[in-house]
Amino acid sequence: MVKILENVNLKHMNTFGIEAYAKSFVEIENTDDLTELIQNKTFINSERLIVGGGSNLLFTKNFEGIVVKNSLKGIKIIKEDEEFAEVQSAAGEVWHDFVMWCIGKDLGGLENLSLIPGCVGASPMQNIGAYGVEIKDVFSELEAVELSTGKKQIFNKVQCKFGYRESIFKYELKNKFIITSVTFRLSKKPKVNTSYGAISSELESMGVSDPGIKDVSQAVINIRSSKLPDPKLIGNAGSFFKNPEVESSVFKNLKARFSGLAAYEMENGKYKLAAGWLIEKCGLKGYAKGQAAVHDKQALVLVNKGKATGDEIYSLSEYVLGAVFSKFGVKLEREVNII
Ligand code: FAD
Ligand code: EPU
């Protein structure tokens, strides 16, 4: 039987460590819980928010509806041949544990995404990506349940409309479905992807010349641990903004004015600018406003120095947006989901 709790503090359920209260709160551990919940009066009559690891959320106020913590567990291989295995994970599995499970079975494709916080169910939300790989590269399908009807639906890759930190679930279908499981098509004969410069130099300093998926995973873990703040030590949600994509004319113009501009050309001829570089060049690396700060090692990450409110972090993000726009004429977009 699902147990709906009232007035629950979410401080330990969001990696920013923001104190915010949910009017109602429920944790679901199996599909029966979900079926029961969807027929529950409180659920039907409330605004809903699904939460996994809370690592891409900023609470700027209390949530006056029902927070559903997705704790559905289980990983299994559902299909395989000599080359590939289709691995299905329930949405509540911890992402990094799932990646390690796959690596432990010698299944390749997710190793570059090691150590990303959060749960499997949120991974399609923004098509998580790092070090040259996005989940869309190995995504097979997901199963989701419509919150208003309880109907199960399968979404394939095309239907998910994946883009850079985007999917249909972040926009058109926002808050309409709960993702219950995700299936990935992983390789039994993996070719490692070391195209991202930092990976090859890390492998070199590890003394590895012919890397396998375990080595790439370890290299990624080493790089991430040295660059990104650990939410257990200082509250944050990873990159607060997306790296902006601009037309080549805009890039050329900026490059002429700022020769060190960090950017790379995309397949469509546009350029992706490193937002961390733009923020740093505004002199904001390490900048603090009250308890909210720009991280002093990675300017794309905003941090909670201890007692920040969500409003403080949000207002710092406004300040950063304004500074980048007035110096470079480039409008940053937030990556983190604002509640
Ligand atoms: P939550 O924060 O709980 O939720 C995020 C969104 O997804 C919310 O809108 C929520 O309503 C929705 N949601 C969650 N679960 C479900 C579900 N089952 N069904 C429907 N909707 C759901 N991201 C990257 O892409 N690449 C990185 O390299 C990266 N590095 C990070 C580093 C750090 C230190 C941190 C703190 C974050 C980083 N992130 C990164 C962001 C974050 O880890 C990912 O976005 C992750 O997928 C969020 O998972 P979560 O379970 O914590 O989601
Ligand atoms: N840079 C600076 N100053 C900074 C930060 C970065 O000049 O303070 C420059 C770096 O020198 C480098 C460039 O910006 O030239 C890119 O930096 P980095 O490799 O650290 O990656 P990023 O663009 O800042 C993105 C993702 C991360 C992902 C890494 C690795 C986005 C919004 N962020 O960060 O994802 O882990 O690449 O692939 O795309 C996240 O989404 O939460 C996240 C952490």
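Considering helices alone, the calculated mean residue ellipticity of the chain at 222 nm is -7500 deg cm²/dmol, with DSSP H runs of length four and up weighted by -39500 (n - 2.57) and normalised per residue.
If R0 is 25 Å, the Cβ-Cβ spacing of residue 268 and residue 172 corresponds to a FRET efficiency of close to 0.70. Remark: spin-label model distance residue 209-residue 158 equals 4.6 nm, labels positioned 7 Å along the Cα→Cβ axis. Assuming charge only on the beta carbon of Lys and Arg (+1) and of Asp and Glu (-1), the dipole of region 296-339 about its Cα centre is about 120 debye to the nearest 20.
Extension gain, residue 195 to residue 12, is 62.2 nm, computed as 0.36 nm per intervening residue step minus the present C-alpha separation. For region 5-70, what is the charge dipole size about the Cα centre, in debye to the nearest 20, if Lys and Arg each add +1 at the Cβ and Asp and Glu each add -1 at the Cβ? Taking the Cα centre of region 5-70 as origin, the dipole is about 280 debye.
Solvent-accessible area assigned to carbon and sulfur over region 75-187 amounts to 50 percent, based on a 1.4 Å probe.
For residue 1 and residue 187, the difference between the fully extended length at 0.36 nm per residue and the C-alpha to C-alpha distance is 63.0 nm. With a cut-off of 20 Å on the backbone N, the residues of region 88-112 near the modelled label site 7 Å out from residue 221 along Cα-Cβ are 93-112. For region 194-257, trypsin sites (Lys or Arg not before Pro) meeting the loop criterion (DSSP other than H, G, I, E, B) and having at most 15 other Cβ atoms within 10 Å: 232. Between residue 62 and residue 35, the modelled labels are 3.5 nm apart [label points 7 Å from Cα along Cα→Cβ]. Tell me, what is the FRET efficiency for residue 247 and residue 327 to the nearest 0.05, using R0 = 22 angstrom and their Cβ-Cβ distance as r? Efficiency computed from Cβ-Cβ geometry: 0.75. Among residues other than residue 307 with Cβ under 14 Å from its Cβ, the summed charge is 0 (Lys and Arg +1, Asp and Glu -1). Nonpolar atom fraction for region 235-338, defined as the carbon and sulfur part of the 1.4 Å probe accessible area, stands at 47 percent. Averaging over all projection directions, the Cα-based convex hull of the chain occupies 17.7 nm² in the image plane.
Ranking 24, 96, 1 by how far each Cα lies toward the positive end of the dipole of the chain (charges on Cβ) leaves 24 at the top. Between the alpha-carbon centres of region 276-335 and region 57-98 there is a gap of 30 Å.
Accessible area per residue, 1.4 Å probe, Å², for the chain: what's the number? Intermediate results must be reported in sequence, preceding the final value.
Working: 16340 Å² over 339 residues.
Averaged over the residues of the chain, the accessible area is 48 Å².
Net charge dipole, the chain: roughly 980 debye, given to the nearest 20, about the Cα centre with Cβ charges of +1 for Lys and Arg and -1 for Asp and Glu. Near the amide H of residue 50, within less than 5 Å, lie the amide hydrogens of 68, all on another chain or at least 5 residues away, with H placed in the peptide plane.
The values are calculated or read from the model by the stated rules, or taken from the named source; none is laboratory data. Owing to the predicted nature of the structure, the values given are computational and were not obtained by experimental measurement. With ideal geometry, Cβ positions are generated from the backbone for all residues, glycine too; neighbour counts draw on all protein chains shown. Only protein heavy atoms, including side chains, enter the accessible area calculation; ligands, DNA and RNA are left aside. Shrake-Rupley method; radii C 1.70, N 1.55, O 1.52, S 1.80 Å.
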